[in-house]
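Single-structure report; data block below.
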Amino acid sequence: MRIHVVLCPYSTGFGITRAFESLNRCGSSMVDITMLRSDRQPYIDIDPSGPLGRAGWPRTTVSTLSEALNGREYGDDDVHLFLYDHDYLSGDLGALRLDLAQTYRVIASPYSVASESFARPFLIHSKSLSERWGNLDSLLAMDPEAAIVAVMQRFPADQVTTLSLPAVKQTRKLNDRFRAEYLRSLAGQIPAPASGASVPSIAVILANYNMARYLPMALASLGSQSVPASEIWLVDDGSTDASPTILQEWANQHGAGFFGGGGNEGKARRLNAALPQMQADFVLELDADDWIDPNAVATIQSCLAALPAEANLLYGNLRTWREGLHGKYRGTGVHRGYPIDDVSALLRYPLPLGPRIYRTQSLKAIGGFPVSSFADGRLYEDVLAVSRLMAHGRIQYADFTVYNTLAHAGSITRRNQGMWHHFLRAEFPMYT
């Protein structure tokens, strides 16, 4: 067995040192080491002049796994070994007696978070990894562990096995219940549509205004879907930062539609400019500082396959994050939705309602997103759209979590928290 080690970014010097020390357990089987950089975590390396740096192990540092995989010829005995932040090898690999070429393509190792046990990819057959890695590079740069978990889902269940005992240990115990929920969601099985049900097409429309700092994560999540959206529309509302260039370049590379240029007209007007071009059955609205899980489109399609004909919008749960020091994201919980029957209940809902997946024909039938006289139509266009849709049908809640929303100082929601009651008095006086 020839072992190619991949080290996901480590957050402490002690952790990366312990990981390097443990690699001695690979013996002569280790061929090389690839150290991954992350755009959302400070890069920590081993001092090349220190004892571990002089060990003679060939290693390289890359931002994308494709850089390490491309142009390489792998044999049936080549495997990639993944270690994540805080991980180190805990035993002799030779004792595992693994035969990835003949039986399995993925060997997962159990580890615990908040007293829950999870199976995380540990060894992956190199040829198979190269074939299935595909579009996960951009997600890897933002959330390495999510990308590696996502690639495991691309293997048939009979090609994946989990060790009875962990092959790795961690330098610190993880008791983060949010992280446990996140990993459980990432690794969960995507529900299959009911037998005979048609699978609807989904468009994603991303709205942006001066969010260049956060766009890479949103775009990475769009590009890494296990089932791609049938249409992607990128809308810029007269941004003055680098985001229009980022959006235009991404649209050119991925065949997405781009609406930009002009001044700042407000989100509703910009969304309505793109709406007539959409042909998909449903459209998912994505803010530029949010992102979706790698299995989001597949999960939403499964939920939509069971959506009643009279329902013109589907929504679910929101996973919430907060931006911390050095741009690192910290999970804060899951906001679970619940059914809403009338406009009064909508206005009492702990907003925002989401994720919002509109039936495209219904959204077009109400004239798109309403442009209110309040704040020149720049706020709460989603509330107005949902309230109008409720007058022509109903909205449907389903218990699924694939949408991630980020709280940060520059978000439009935080900047305008004090405007909600003024909006209610202006647009819904009968409920105030």
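Near A365, within a Cβ-to-Cβ distance under 10 Å, what is the net charge of the other residues, with Lys and Arg +1 and Asp and Glu -1?
With Lys, Arg at +1 and Asp, Glu at -1, the net is +3.
K173: which lysines have alpha carbons under 20 Å from its alpha carbon, excluding same-chain residues fewer than 8 sequence positions away?
K328
Under 14 Å from the Cβ of E310, count the other residues' Cβ atoms, weight Lys and Arg +1, Asp and Glu -1, and hand me the total.
+1
As a test of the formula, what do you get for the chain when each DSSP H run with n ≥ 4 contributes -39,500 (n - 2.57) and the sum is divided by the residue count, at 222 nm and rounded to the nearest 500 deg cm²/dmol?
That calculation yields -7500 deg cm²/dmol at 222 nm.
With the Cα gyration tensor of the chain giving a ≥ b ≥ c as the square roots of its eigenvalues, does the rule (a/c under 1.5 for rounded; else a/b larger than b/c for prolate; else oblate) give rounded, prolate or oblate?
Prolate shape, in that a/c is at least 1.5 and a/b is the bigger ratio.
Apply the a/c threshold of 1.5 to the C-alpha gyration tensor of the stretch 363-432 and tell me whether it is rounded, prolate or oblate.
Here the stretch 363-432 falls in the oblate category.
Name the trypsin sites (Lys or Arg not before Pro) in the stretch 118-222 that are in a loop by DSSP and that have at most 15 other C-beta atoms within 10 Å, would you?
Those that pass, being in a loop and sparsely packed, are R172, K173.
Placing unit charges on C-beta atoms (Lys and Arg positive, Asp and Glu negative, everything else neutral), compute the dipole magnitude of the chain about its Cα centre in debye, rounded to 20.
The dipole of the chain has a size of about 800 debye.
Suppose R0 equals 41 Å. What FRET efficiency, 1/(1 + (r/R0)^6) with r the Cβ-Cβ distance, do E265 and E310 give to the nearest 0.05?
After rounding, the FRET efficiency stands at 0.80.
Suppose the chain between F428 and H254 were pulled fully straight at 0.36 nm per residue; how much longer would it get relative to their current alpha carbon spacing?
Length gained between F428 and H254: 58.5 nm.
Cross-link partners among lysines for K127, C-alpha distance below 30 Å, same-chain residues fewer than 8 apart left out?
In chain and number order, the partners are K169.
For the stretch 202-431, just say rounded, prolate or oblate: build the C-alpha gyration tensor, square-root its eigenvalues into a ≥ b ≥ c, call rounded for a/c under 1.5, and beyond that prolate if a/b exceeds b/c, oblate if not.
rounded
What does the net charge come to around G75 if you take all other residues with beta carbon closer than 9 Å to its beta carbon, with K and R at +1 and D and E at -1?
-2
As a footprinting exposure proxy, order C8, C26 by other Cβ within 10 Å, with the fewest listed first.
Ranking C8, C26 by Cβ neighbours within 10 Å, fewest first, gives C26, C8.
I need to check one value: relative contact order of the stretch 202-431, counting alpha carbon pairs closer than 8 Å and at least 6 residues apart, in percent.
Answer for the stretch 202-431 is 24 percent.
Cross-link candidates for K364: which lysines have Cα within less than 21 Å, leaving aside residues fewer than 8 places away along the same chain?
K267
Could you pull out the longest piece of the chain with no exposed loop GluC sites (Glu not before Pro) in it, calling a site exposed if DSSP puts it outside H, G, I, E, B and it has at most 13 other Cβ atoms within 10 Å?
Of all site-free stretches, the longest is 74-309.
Where both residues lie in the chain, what percent of DSSP beta bridges are antiparallel, nearest 5?
40 percent
Readers should treat all values here as calculations from the given coordinates under stated rules, not as data from a laboratory. What you are looking at is a predicted structure, and each value in this text was computed from that prediction instead of being measured. Neighbour counts are summed over all protein chains in view; Cβ atoms, including those assigned to glycine, are modelled from backbone coordinates with ideal geometry.
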